[in-house]
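What follows is a set of notes on a single structure, which appears directly below.
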Amino acid sequence: MAEINEEINAENACDAIVKSSIRITPDSTDEVRQLVLQIDDPAFRYAAGQSIGVLVPGPHEFGNEFHHRRYSIANPAQTGNAEAAELEILVKRCFYIDEISGERYPGIASNYLCDAKPGDKIRITGPFRSPFKVPADNTCNLLMIGTGTGVAPFRAFTQQIYDQHGSWKGDVRLFYGDQGGMNLLYLNDKQDDLGHYYDDASFKAFSALIDKPLRDAADGLQESLSAHTDECLRLLRDPKTYVFLAGQEKAAAVFAKVMAEAFGSEDEWKELKKQLVNEDRWAELLYH
């Protein structure tokens, strides 16, 4: 999950080796790759939901030595005392259109990472603190909402609570919207990241595929939420529900719009959200 550019402290960076890079979406859709990075430092530790920064060497515009982007770690924390740490990130190869000239430019960090080969060395920063934390009580409900590769922390969350905790008694619900082949990001033939959790009675995922011009992943999220508002309302009214929101900033606006309509009043929704925030049951990680 890429975030905004930010101030860089390159002195605190460390080296990571690309252990593997696998395309997890079909050739006919947007390219999304799963990269496994190895850090040969036993002191490097991370938790589910955290992110790392990637330093792309320059020179870049305005004389910057590095270009810095952050990506959410997409796998749960390692256990044991391994001498080297391994983490996964999901990267979508991005391109941007100049609004004035109409020219197409490659995203700096995403193309740098998608072009990286096994054995390549990259510089990373972090890990950075995450607003997402798995509740200690496994009878709590987890309501996760997001779009595109911004849902990477939820992939790590799901693996952690079922693989490491052994089970989860509360309801776990994932709502996400996708564009083009992005719906295969978590339910793809090669990885099937979430499919094997469908056997667990507590887990359900709801997605909507948008493959039309001028519509994006947020439109898919809106369709997914609108089709299952009763499920959302049930969970949001439960005092044991925690809400996690990730992805594009537009996803937050879509969620607010659908929930205000579901509750029948924008004021009623805002009051409930305020309660969730005050009780530390609301967390979000959004990017432009």
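Here, each number is a calculation from the coordinates, and none is a lab measurement. Predicted, not measured: the structure shown is a model, and the values here were computed from it.
Which entries in 19/250; 133/250; 19/240 show an alpha-carbon gap greater than 29 Å? If you can, show how the numbers build up before the last one.
Details: 19/250 34 Å; 133/250 23 Å; 19/240 40 Å.
From 19/250; 133/250; 19/240, over 29 Å: 19/250; 19/240.
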> Once amide H atoms are placed 1.01 Å from N in the peptide plane, what residues at a sequence separation of 5 or more from residue 48, or on another chain, have their amide H within under 5 Å of its amide H?
Replying inline: 77
>> Apply the Karplus curve 6.51 cos²θ - 1.76 cosθ + 1.60, θ = phi - 60°, to the phi angles in segment 120-131 and return the couplings in whole Hz, x for Gly and Pro.
In response: 5, 9, 10, 9, 10, 10, x, x, 9, 4, 10, x
